[in-house]
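The values are calculated or read from the model by the stated rules, or taken from the named source; none is laboratory data. As the structure is a computational prediction, the values presented were derived from the model and not from experiment. SASA here: full protein model, heavy atoms, side chains in, ligands and nucleic acids out. Shrake-Rupley method; radii C 1.70, N 1.55, O 1.52, S 1.80 Å.
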Amino acid sequence: MAFHWHITNSRLGLFTFVTLSCFQWSSAIQNCSRKQNNFNNVSETQYSNKLHLVSGTTLALYQIVHNFLDMIQPNPFPSDLVNTLIQNAASLQHNYVKVLKYEVGFIVCAAIGILFFLLMPLVGLCFCCCRCCGNCGGKMYQEQKTSMNCRRRTLAAILLMVTTVILGGNVCMFVSNENISESLQHSENLLENTLGNLKIYINSIPKQITTITDASAIPIASVSANLDNIGSSLGEAVVKKLGEIIYPSLSSASQLAQVITEMNEKLVLINSTAATLLHQQEVLQKNLTVIRQNINRTFHTCGLQCVSIQDIVKDLEFVANFTMVPNMDKEINAMRQIVDANFYSIVQKGYKEFNDTPALLVNQSISSVSEIKKYLKNIEHLIQNITQTFPLLTSLKSINSTLDLVDSKISEYRPKIQQGNEYRWIVGIALSCIILLVVVCNYLGLLLGTAYLKPNVNPTERSVLSNCGGNFLMAGVGFSFIFSWLLMLLVLIMFIVGGNVYSLVCKPWYDNEIFQVIESSGLMAEFNLAEILGLKNTSLSIHKTYNDCQNNKSAWKALQLGKNFNLDEYLNLSKYTGDISSTFDKLNVNLSGITLLDQNGRTTLKDFFNTGIDDLNFTSISEQLEMPLFQQELHITVGKLQNFSKSTVDPVKTKLNKEAASLNDLNSWIQTNMVPNIETLKENIEHLQRNTSHVEVIVNITLLKIDSAQTMIRTKASDIVKNESKMFLDCQLEYFSYYVNWTKIMITQNMAQCRPLADVLDSAAIIACSYLLDSLNAFWFCVGWSTIFLVPSIIFAVKLAKFYRRMTTSDVFENGDCHMEMGPLHK
C-alpha cells in the first residue's frame, strides 16, 4: 500500500507542477462582455431655403451685360492699386496713370456718352433751326427720280430694322424695370430667410453642446450598471479563471463518489448472487444424488449388459464449488458506512462554496463600488461644465440681440423702401414710355406712309394719311432730340456707378479676391470678428473663415475655437480614472475561506482505504467460476443414456429413458437458474476487480488535485482577483475613452457646421450683385441700347419722312421724259 502511494504521489506531483506552470496568472485578454455603445451623431440642423435664382431670358440678358462690362474692363482686379489707395488716398496723384490705365474702357465709354450728351441737344437745335430756314430737308420740295421707289423702300426697311432694335431694347427696359422690383422683393425674402437661418444656427449651438454633454450619462450609467452587477461580471471572470484548476479537481472527486457508489452496489450484488448460487448448488447436488442412485440401481438390474456404460455415473459428479466465493459482509458493512457518509454531497458542498465566489466578491467590494460611484458623479459634473465655459456661448445672446435689432430696422425701413421702389418704378416706366413713344411714332409713320402712299401720285397731292405718316416720323425725330441726351446722361451716371461696382466689387467678390484686399489693406481693421464672437487670443481671417464655412466645416475649425478652449483639458478624465484605478487596486477579496473538501470528506476517503476490498482474492474466485459444473456436459450424458437404451429391452430401456429425461430436466433448470447467476457473478467480479486495482491511485490523485486547488486558492487567488479586476476596470474605462473620442469628433468636426455664416455673405452678394446690381445694370444697358439706336433712327426717319409728306412744290414731266426740266408749281 505504501509502495503504491509513493509512486502515485511522485507522478501526481509532476502533473501538478506542469499544470500550475502552464497556468497564466496574468491571464489572457479578457473578453469584455459589455455591449458596444452607439452614440448618435449630433443631428443636422434643418434650415429653410427660399433662394430665387435668376433664370431664362433675364439670365441671358444679365450675361450679355456681364460680357459687355468684361469687354469694357478686361483688366484683372488691381489689388495692389486698391491697397495703395485705401492705405493712402493722397497717393492718387502719384498713381493716377495706373488708375486711368485701369479705367480706360470706362473713360472711353464715358467720353462717348458725354459727347452724345453735349452734341445731341446742339445738333437738335441746329437741325431745328435749319428746318425752320428751309434747309436740312425743311424745304417742301422733292426731286422726282426713277430710283425714288427703291430708295424709299430701302430707307423704310432700314428704319423698320432700327426701330425694331430700339423696340427690343425698350421691351428689355420694361422687363428690367419690373425685375428691379421683383429683385427687391426677392432680396427682402432672402435677407429674412438668411437672418432666420442665422438665428437657427446660433440657437442650435447650445442645444448641440447640451446633447453632447448629456450623452455622458450613457457611459456613466453603463459603468454604474456594471458595478452593480460586479458579481456577474468580475465574479464570473474570477470563477472562470480559478475554475480551470478547481473544477477538474472537484470533478475528479465527483467521479470518485460515483465509483464508491458503484463499488458498493457491486459488492452487495456479488454477495447476494454468491448466496443464491450456494443454495442452488445444494439443490442440484441433492437431485444429482437421487438420479445417480436410480441409474446405479438400473445398471445393477441390467447386469452384464450394462457393464460397458457404468462409467457414465462418474460424468455426473459436480465439479464446481461455489463455497470458494468468500462472504463479503464485512466489506459491505464497511462500504455502507462510506456510502452513508454521502461523499457526493460533501463534494457538492465544495462546488457550492466555490460557485458562491461572485456573492463573496460583491460583499467584500461594497465600499469600493460606493466610492467609485462618487467618482462617476464627479466625471459627470466635469463634463457638464463644458456647457458653461464653451466659447461663443457667452456672446450668442448679444449676437441674437443684434439680429433682433437688424430685424426691427428692416421692418421699420421696409415701407419706405417699398414706397421708394414705387417711385423708381414709375420713373422707369416713364423712361421706357419715352422710348416707346419714339418707337410708336416710327411704326405709325411707316405703317401710314407705306400703306397710303401712291407712288404715281404727284408729291403735292399725296394723301392725308401718307402725310400723317411722315409727320409721325418727324414727331419721333423731335422726341428723340428732346429726350435722348437726358437718357444718355442717366445711362452715363448708372454706367459709371454700376459698371465699376460690378468690376471692383461683385466680380472680385465672386472670385474671393475682395476679402483678401479688405484684409490686406486694413480697410476693416476696426472690424474684429474674433472680438465680436467673444474669442480672445484669436485672430480670424475673414477670407479663411468664409472659405471654411463655405465648405461647411465645424465652428471649432472655422473659428479656431481650440485657441480659446482646451478641449483636451476638459475631457481629461485621468484624474478621476486614476482615483478609480487606485480604488480597484485597494480591492482585496479574500477567498481563503473557500473549502473544496472538508475534513469529513478527507476522513471518508481515508476510511475507503480500510474497507478491505483491495485484499479480496478476486483471481481465485474468477478461476473457480471458470470451471465447468460437471466432468462432462449433461446433454452429452443424456445422449449417451438415450443411445444405450435403444440396445436394451424393457424394463431397463424404460428406466434408462426415464433417468435420461430427469437429467435433461435438471440441465434445463441449471441453464435457467444457475447459469445467469454465474454470468452475473463473473461480470460484477470483473468490474469490481478492475476498480479495486485503481482505487488507491484514484483516491490519491483526487486528494492531490484537491490539495493543489486549495493551495492555489490560498496563494494565488488574490493575484487572480487583482488581475481580473484590472481587466474589468479597463473594460469600464473603455466606455469613457470611447465617449471622449466621440465627443472630440462631434465638437471638432460635426457640431455647429458653419455654412449659415458663409450664407450671410453669399446672400449679401446675391442681393447686392445678382438681384439689385444686375437688374440696375440691365436697365441702363437697355436704355443705352435704345438711346444709341435713336441716332440712326433720326437720320433714316428724316430722310424717309419726305417720301411720305405732302410737298408744296413738285417736278412736272413733259412727254413723259424723265430728263425734261421741271417747272415749279406753287400751290
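Here the Debye sum runs over all C-alpha atoms of region 314-365 as equal scatterers in vacuum, and log10 of I(q)/I(0) at q = 0.24, 0.27 Å⁻¹ comes out as -0.92, -0.99. In sequence order, region 554-566 has phi-based couplings of 6, 4, 4, 7, 5, 9, 6, 5, x, 6, 10, 9, 7 Hz under the Karplus curve 6.51 cos²θ - 1.76 cosθ + 1.60, θ = phi - 60°, and Gly or Pro positions carry x.
Whenever you get a sec, line up Trp556, Trp785 from highest to lowest accessible area (probe 1.4 Å, protein heavy atoms).
Result of the area sort, largest leading: Trp785, Trp556.
For Lys802, the aspartates and glutamates whose Cα comes closer than 16 Å to its Cα, not counting residues fewer than 8 places off in the same chain, are Glu143, Glu461, Asp811. Under 15 Å of direct C-alpha separation, and excluding same-chain neighbours fewer than eight residues apart, Lys544 reaches these aspartates and glutamates: Asp511, Glu513, Glu519, Asp759, Asp762. A cut-off of 5 Å between modelled amide H atoms, ignoring neighbours fewer than 5 places along the same chain, links Gln753 with Ala555. Shown in residue order for region 494-509 are the 3J(HN,Hα) couplings computed by the Karplus curve 6.51 cos²θ - 1.76 cosθ + 1.60 at θ = phi - 60°: 5, 5, 4, 6, x, x, 6, 4, 5, 6, 9, 10, 5, 4, x, 5 Hz (x for Gly and Pro). Looking at region 674-787, what % of the alpha carbon pairs are farther apart than 22 Å? The calculated P(r) of region 674-787 puts 77 percent of pairs beyond 22 Å. List, in the order given, every pair from Lys352/Lys722; Lys374/Lys557; Lys207/Lys374; Lys606/Lys682; Lys199/Lys416 whose Cα-Cα distance in the structure shown is over 32 Å. Violating the 32 Å limit, Cα to Cα: Lys374/Lys557. On a straight-distance basis, which lysines could pair with Lys101 in a cross-link, Cα separation under 23 angstrom, same-chain partners fewer than 8 positions away excluded? Cα-Cα hits under 23 Å: Lys507. Residue-wise HN-Hα couplings along region 325-337, as the Karplus relation 6.51 cos²θ - 1.76 cosθ + 1.60 with θ = phi - 60° gives them from phi, are 6, x, 7, 10, 4, 5, 5, 5, 4, 5, 5, 5, 5 Hz; Gly and Pro carry x.
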